[in-house]
Amino acid sequence: MNGTRHDPVLEAEAIEDLRVGVEREEPTQNGSATVGARASSVLDLLDTITGRWGSPHRSPLPGILWAGALLSLLAWLDHQHFGLLLIPPFAATMTIILYLPAASVAQPFAVIFGSTCGAGIGTLFTVLLGPGVATAAIAASVAFVLLPRLRAYHPPGVALALYPALLHPSPWFSILVVLPFTFSVVVSASFLSRILAAWPRYPVSLRKVAD
């Protein structure tokens, strides 16, 4: 009876090939597990950061349409050469009113008077000292100190104090641009809060905010 003959050399080569294949596969699996563990750790860290210090706000559709309509109007007016209209502080003002409607910085007096006063401070210092970055820095610093004392602190109002010295708008920028825009934003937000259930209540009494 003839048995199957085994070649020791071939068997040794087959075992060696199998061993090499296993050794090559193990680092790949270990590497994949390491990458997965690191990715999981990064995601856990991001989740912790956003959970503790992130913003929980969501964008309501009516608010997006409202902001988009006003910004589009400003862009069209700017394109028609009506003056410097589409500027970042205006978008910031709408964001504050939409997402922080109960905050003191979002209330009508702070928004309208704070913004107009901030732009007026910038215009005044530009007339007195001339345009430039130094004048812009001085005007913003004065607005930063003065607006809270007037109970009209509105962060975009401080930013608006920079614009006259940096971008040289009309001397009537605060009256002809800032005042009408902030008034329109406050009135439209107040109106929408009364007719749309999804819109947060606005404005809110400062006494209630303090409570």
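The values are calculated or read from the model by the stated rules, or taken from the named source; none is laboratory data. Just so we're clear, the structure is a prediction, and the values are computed from it rather than from any experiment. Virtual Cβ from ideal backbone geometry, glycine too; neighbours counted across all protein chains shown.
Determine, yes or no, whether Gly122 is loosely packed, with under 14 Cβ neighbours inside 10 Å, touching a Phe, Trp or Tyr at 6+ places or on another chain (Cβ under 8 Å) and more than 26 Å from Pro60 (Cβ to Cβ). First the steps, then the outcome.
On the way: loosely packed, with under 14 Cβ neighbours inside 10 Å: no; touching a Phe, Trp or Tyr at 6+ places or on another chain (Cβ under 8 Å): yes; more than 26 Å from Pro60 (Cβ to Cβ): yes.
Against the criterion (loosely packed, with under 14 Cβ neighbours inside 10 Å, touching a Phe, Trp or Tyr at 6+ places or on another chain (Cβ under 8 Å) and more than 26 Å from Pro60 (Cβ to Cβ)), Gly122 does not qualify.
Condition check ((1) surrounded by 11 or more Cβ atoms within 10 Å (Cβ to Cβ); (2) at positive phi; (3) modelled with pLDDT of 80 or more) across all residues:
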{"residue": "Leu10", "(1), (2), (3)": "no, no, no"}
{"residue": "Ser32", "(1), (2), (3)": "no, no, no"}
{"residue": "Ala67", "(1), (2), (3)": "yes, no, yes"}
{"residue": "His79", "(1), (2), (3)": "no, no, yes"}
{"residue": "Pro89", "(1), (2), (3)": "yes, no, yes"}
{"residue": "Ala106", "(1), (2), (3)": "yes, no, yes"}
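Restricting attention to region 120-152, which residues are outside any helix (DSSP H, G or I) and either under 21 Å from Pro180 (Cβ atoms) or in contact with a strand residue (DSSP E or B) (Cβ under 8 Å, 6 or more places away or on another chain) (or both)?
At the first step, the residues of region 120-152 found to be outside any helix (DSSP H, G or I) are 130-132, 150-152.
Across region 120-152, the qualifying residues are Leu150, Ala152.
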